[in-house]
Amino acid sequence: MKPAIRVENVVKTFGVGEARSFALKGASFEARFGELLMIVGPSGCGKTTLLSVVCGTLNFDSGRIEVFDHDLSAMSTGEITRFRCKNIGFIFQQFNLIPTLTAVENASVPLLLNGHGTRGAEKTAAALLDQVGLGGKIHSYPNQLSGGQQQRVAITRALAHDPRLVLCDEPTSSLDAATGKKTLELLKERALEPDRCVIIVTHDSRIYHYADRIVEMEDGHVIGIHEDPKNFHHA
Ligand SMILES: Nc1ncnc2c1ncn2[C@@H]1O[C@H](COP(=O)(O)OP(=O)(O)OP(=O)(O)O)[C@@H](O)[C@H]1O
Ligand SMILES: [Mg+2]
């Protein structure tokens, strides 16, 4: 079967001339339909950069990325934006919540962007917030929420429009063990659908066992793909 995501030899540099540095030095991996794939590796090795190029929010210098049969380098910025809006949910490492919107308004954004009415969108978002234990906080603004609560709003926003691909950058970094477990169970359930895929970047070895496979990165390269996450021990 064709993979859900195919990343081939992707190079990404930042800066020009003397200041040019390589964040990705020819990274390759595939993600399968119905799987929860984790990407692990030391700080600065290129994990966030890799998620951002797959998401289409960051251009890359060379290589090839296919997401659900769409070749990203053959698409215009507008086409990528529309494709992302419908098909991808992204949980950012820094949450990126909109400070002037409440929790339920933040979580409704992708539904509104996909043409849902405000009332329906907020009802769906409120139900999801309830699922992640934030039922009592739906009208709070981000600055009234703890880090872990903000992270759960960000997770809700990424899932609200039921995207086929969910990309998560350290989704459990601010969560205690019990809330992290609940979140992973929610993400795992999403990944199981045969037309779906979830990719999680993480440092958190407590959650490795939720992965179907683990992609190990180092210094801009993918250095290993581990088919047996239960026996994976990161240095
Ligand atoms: N906008 C940018 N401009 C210049 N360099 C950047 C930029 N974004 C990332 N880099 C560099 O690219 C490399 C990879 O960064 P990236 O954020 O992808 O790492 P990471 O693996 O996600 O690290 P962490 O685990 O700390 O989040 C780093 O050396 C970083 O300094
Ligand atoms: Mg990062």
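The values are calculated or read from the model by the stated rules, or taken from the named source; none is laboratory data. All values reported here derive from a predicted model rather than from experimental measurement. Note that each Cβ is placed from the backbone with ideal geometry, even for glycine, and that neighbours are counted across all protein chains shown. These accessible areas exclude ligands, DNA and RNA; they are computed on the full protein's heavy atoms, side chains included. Shrake-Rupley method; radii C 1.70, N 1.55, O 1.52, S 1.80 Å.
Structure notes:
- Just checking the listed ones, G147, G89, G34: in the Gaussian network model of the chain with Cα springs under 10 Å, the one fluctuating most is G147.
- Centroid-to-centroid, using Cα positions, the range 116-177 and the range 10-55 are 26 Å apart.
- The residues of the chain have, on average, 47 Å² of accessible surface per residue, using a 1.4 Å probe with all protein chains present.
- q = 0.25, 0.28 Å⁻¹: log10 I(q)/I(0) that the Debye formula gives for the range 158-235, counting C-alpha atoms only: -1.36, -1.50
- Per-residue HN-Hα couplings for the range 181-186 [Karplus 6.51, -1.76, 1.60; θ = phi - 60°; Hz; x = Gly/Pro]: 5, 4, 5, 5, 5, 4
- Rg [Å, one decimal], Dmax [Å, integer] - the range 1-105, C-alpha atoms: 15.0, 46
- Counting only the Cα atoms, the range 196-235 fills a convex hull of 85 Å³ per residue.
- For the range 68-145: rounded, prolate or oblate by the Cα gyration tensor [a/c cutoff 1.5]: prolate
- Within the assembled protein chains, the solvent-accessible surface assigned to S73 is about 80 Å², based on a 1.4 Å probe.
- With all protein chains in place and a 1.4 Å probe, the accessible surface of the chain carries 50 percent carbon and sulfur.
- Vicinal HN-Hα couplings computed from phi for the range 170-177 (Karplus, 6.51 cos²θ - 1.76 cosθ + 1.60; Hz; Gly/Pro x): 6, x, 10, 4, 10, 9, 6, 4
- Dipole in debye (nearest 20) - the chain, about Cα centre, beta carbon charges: Lys, Arg +1; Asp, Glu -1: 480 debye
- For the chain, calculated [θ]222 nm from helices alone, where every DSSP H run of n ≥ 4 adds -39500 (n - 2.57): -10000 deg cm²/dmol
- Largest to smallest in accessible area, the residues E18, E170 fall in the order E18, E170 (1.4 Å probe, all protein chains included).
- Isotropically averaged projected area of the chain, using the convex hull of Cα atoms (one quarter of hull area), nm²: 13.2 nm²
- Partners for K86 among lysines (Cα-Cα distance below 23 Å; same-chain residues under 8 apart left out): K2, K123, K188
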